[in-house]
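Participant: Dropping a structure here in C-alpha cells format, bear with me for questions.
What follows is calculated from the coordinates using simple rules that are stated; it is not laboratory data. Since this is a predicted model, take the numbers as computed values, not measurements. Methodologically, a virtual Cβ is constructed for each residue, glycine included, from the backbone with ideal geometry; neighbour enumeration extends over all protein chains shown.
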Amino acid sequence: MDFVITAMQERHLDAVDEIEGSVFPDPWSKAMFSRDLEADHAMSFVALQNDFVIGYVNCWLAADECTINRIACCKKKQRHGIATQLLRHVLDLAAKEGAKSCFLDVRSGNAVAQEFYAKDGFLRSGLRKKYYSDTGEDAVCMSMVL
C-alpha cells in the first residue's frame, strides 16, 4: 500500500471538494464536509499519497448503525484498491464503536458501485423511488451486518 489513511482535516477539504465535484453529479459542498469534521456522530478519512489527497470516505454512526455517505477516489487513482481500503477502514472502526450494521444508498444505474459494495459483503436491501433530485433516479439501498 503506497498511501496512508488518516483522519480528514480542514487542510484536506480543498482536495476533497475537487474530487467530490469530479466524481459525483450531486456533490456535497465543502461546508458539509467541514461540519462533519466537528460532528460527534461523523467519521471522515482521507487516503494520502505523498501528502496529496487521493481518496476519502465519510460516514455517520448513530446508535448501533453506520451509514456510508460518501466514498471516492480521484479519477487517476480509481481501481487501485484505495476505496476498498477506505471502506474497510471505516467498517472496522464502526464495528469497534459498537455498530452492528452498515447502510448506504447507490444510484440504480451505477452497477460499478453496486458491484464494489457487494464484493465487500453488502446486499441489496431496498429501493428508494426517485431518490436523487438531480435526475429522479432511484436509489438502491444496500446493507450488511458487521
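Participant: Give, as a single signed number, the net charge of other residues whose beta carbon lies under 13 Å from the beta carbon of Met32, with Lys and Arg counted +1 and Asp and Glu -1.
Facilitator: Overall, the nearby charge balance is -2.
Participant: Work out the length of the dipole vector of the chain about its Cα centre, built from +1 on the beta-carbon of each Lys and Arg and -1 on the beta-carbon of each Asp and Glu, and round it to the nearest 20 debye.
Facilitator: Approximately 480 debye in magnitude.
Participant: For the chain, can you list the cysteines whose C-beta has no other cysteine C-beta under 4.7 Å from it?
Facilitator: Flagged as lacking a Cys partner: Cys59, Cys73, Cys74, Cys141.
Participant: Would you work out the relative contact order for the stretch 1-144, in percent, from Cα pairs under 8 angstrom that are 6 or more residues apart?
Facilitator: Computed over the stretch 1-144, the figure is 18 percent.
Participant: Another one. Read through the labelled values (i) 10.4; (ii) 8.3; (iii) 18.5 and report the label of the one computed as mean projected area of the Cα convex hull in nm² from the structure.
Facilitator: (ii)
Participant: Counting other C-beta atoms within 10 Å, and keeping those with at most 12, which DSSP coil chymotrypsin sites (Phe, Trp or Tyr not before Pro) do you find in the stretch 62-146?
Facilitator: Listed in order of number, the matching sites amount to none.
Participant: With just the Cα atoms defining each centre, how far is the stretch 43-66 from the stretch 73-146? Give it in Å.
Facilitator: 13 Å
Participant: Among the helices of the chain (complete DSSP H runs), which have Cα atoms covering no less than 18 Å along the helix axis and a Kyte-Doolittle mean of at least -1.0?
Facilitator: 82-96
Participant: Let me have the 222 nm mean residue ellipticity of the chain computed from DSSP H runs of 4+ only, each contributing -39500 (n - 2.57), with the sum over all residues rounded to the nearest 500.
Facilitator: The helix contribution divided over the chain gives -9000 deg cm²/dmol.
Participant: Would you mind checking the pairs Lys100/Lys130; Lys75/Lys100; Lys77/Lys119; Lys96/Lys119 and listing those with alpha carbons more than 23 angstrom apart?
Facilitator: From Lys100/Lys130; Lys75/Lys100; Lys77/Lys119; Lys96/Lys119, over 23 Å: Lys100/Lys130; Lys75/Lys100.
Participant: Along the charge dipole of the chain, pointing to its positive end and built from +1/-1 on Cβ of Lys, Arg, Asp and Glu, which listed residue (Gly109, Ile19, Val4) has its Cα farthest out?
Facilitator: Gly109
Participant: Also: Of the chain, which part is the longest with no trypsin sites (Lys or Arg not before Pro) in a loop (DSSP not H, G, I, E, B) and with at most 13 other C-beta atoms within 10 angstrom?
Facilitator: After excluding every exposed loop site, the longest remaining stretch is 1-78.
Participant: Something else now. Around Ser101, with a cut-off of 11 angstrom between Cβ atoms, what is the net charge of the other residues, counting Lys and Arg +1 and Asp and Glu -1?
Facilitator: Neighbour charge sum, excluding Ser101 itself: -1.
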